[in-house]
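Written out below as structure tokens is the structure these notes cover.
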Amino acid sequence: MTDLWDIKGVKIKTVAVRHLPELKEDVEKLQRQNLLQKHLAEVYLQFNYDVSATLPGAWCLLIVAMPQPLTRVVFNWQGKVYRCDIPPTYIWKADDARVTDALTSIFRPDGFKLVRVHLPVKTLAVRSGLAQYGKNNITYIPGFGSYHRLAAFATDCECPEDNWGELKMMKACEGCFQCGENCPTGCIPKDRFLLHAENCLTRHNEREDILENWIKPDWHNALIGCMRCQLVCPVNNNQLAAIIPGPVFSETETALLLQQIPLDALPDETRRKLSAIAMDDSYDVMARNLDLLIKNQNLQA
């Protein structure tokens, strides 16, 4: 079988399926300790640990990390050029398809099956040794920093290596609290490891719900999500220059977005641009956030 590490630019670790009860316990322990609000757990922590039901005879889990730099989108508006970033993880379809096809081509010739599985990928990545946690609860990978996307797969091929290990936080976090000091909502505490996810700006501004009154308009800093803790993290210093240029929206297109014209009423070219940055799936949220960013001059002119 072709070496799993031959997929260009991708990092992979493997662990045995038999560790799934331990993985499940890692997540459920947080709930028992009342460290997560019930409604957050119900929305974000609904995983399928019964991998054998999805793939009978599953032996091995693959946790895959794909590098994902920032994507910078340009908006022309009222004679100015505004630049706005989309954080890692949001633009994923092309990378996921590439990795899925590459892995399938590795396993299929030898008669093995491969399926995508819905598991707590951050915890799995740290348990496998692929990543370590930052104080901001984001995973960091050597060479990628926090600028990556994770995916998990199961296969009925036996594990080449069972890399199961302890959960670890980066040593770089010891004595450093830049992420917490720069978090606009104060959701990264000093007195515990788990952040107060209910206050995280990303959680709020990537949802279509009306933004709560306590969220200050000038806190928004990205087209979706939030980059404050990642941009100031010293571990990401080598990643900051790697920026993918996104599409450029004309004055006319920007006006349509700010008016929140329905997606299906937008010109074909505008929809193609939105699809290229995966914002067609989050159009209403993106249009609202763009309006907030421009009104508060939080874009780079």
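None of the figures in this text is laboratory data; all of them are computed from the coordinates on show. Just so you know, these numbers come straight off a predicted model, no measurement behind them. Don't worry about glycine lacking a Cβ; one is built from the backbone with ideal geometry, like all the others, and counts go over all protein chains shown.
Based on the reciprocal of the average 1/r between different C-alpha atoms, the Kirkwood radius for the stretch 154-301 equals 18.2 Å.
Between E166 and T252, full extension at 0.36 nm per residue minus the direct alpha carbon distance yields a gain of 25.7 nm.
Within the chain, which is the longest segment that contains none of the GluC sites (Glu not before Pro) sitting in a DSSP loop with at most 13 other Cβ atoms within 10 Å? If you can, show how the numbers build up before the last one.
Details: sites that count: E158, E161, E166, E174, E208, E212.
Excluding the exposed sites themselves, the longest stretch runs over 1-157.
If R0 is 45 Å, what FRET efficiency do you get for R192 and D284 from their C-beta distance, rounded to 0.05? Each step should come with its number before you reach the end.
Numbers: r = 34 Å, r/R0 = 0.76.
Plugging the Cβ-Cβ distance into 1/(1 + (r/R0)^6) gives 0.85.
Residues of the stretch 228-254 with amide nitrogen under 19 Å from the 7 Å Cα-to-Cβ point of E181? What the label zone holds, given the 19 Å backbone N cut-off, is 228-238. Straight-line cross-link reach from K273 at under 24 Å between alpha-carbon atoms covers these lysines, not counting any fewer than eight positions away in the same chain: K80, K93, K295. Between T54 and L240, the modelled label-to-label distance comes to 3.8 nm, taking each label 7 Å out from Cα in the direction of the beta carbon. Extending 7 Å from Cα along the Cβ direction at I261 and again at W214 yields two label points whose distance is 3.9 nm.
Quote the relative contact order of the stretch 107-166 in percent (integer), defining contacts as alpha-carbon pairs under 8 Å separated by 6+ residues. Intermediate values should be presented prior to the final figure.
Working: 66 pairs, mean separation 25.6, N = 60.
Worked out over the stretch 107-166, it gives 43 percent.
Positive-end ranking of T139, H118, N163 along the dipole of the stretch 34-182, with charges on Cβ about the Cα centre, is headed by T139.
Per-residue Karplus couplings for the stretch 202-207, computed as 6.51 cos²θ - 1.76 cosθ + 1.60 with θ equal to phi - 60°, are listed in order as 4, 4, 7, 8, 9, 10 Hz, Gly and Pro entered as x.
Return the calculated 222 nm mean residue ellipticity for the chain, to the nearest 500 deg cm²/dmol, obtained by summing -39500 (n - 2.57) across DSSP H runs with n ≥ 4 and dividing by the residue count.
Values: 11 runs with 90 residues, N = 301.
After summing the helix terms and dividing by residue count, I get -8000 deg cm²/dmol.
Please sort by residue number the trypsin sites (Lys or Arg not before Pro) in the stretch 79-141 whose DSSP state is loop and whose Cβ has at most 16 other Cβ atoms within 10 Å. Answer by residue number: K113.
Charging the Cβ of each Asp and Glu at -1 and of each Lys and Arg at +1, and nothing else, the dipole of the stretch 4-295 about its Cα centre rounds to 600 debye.
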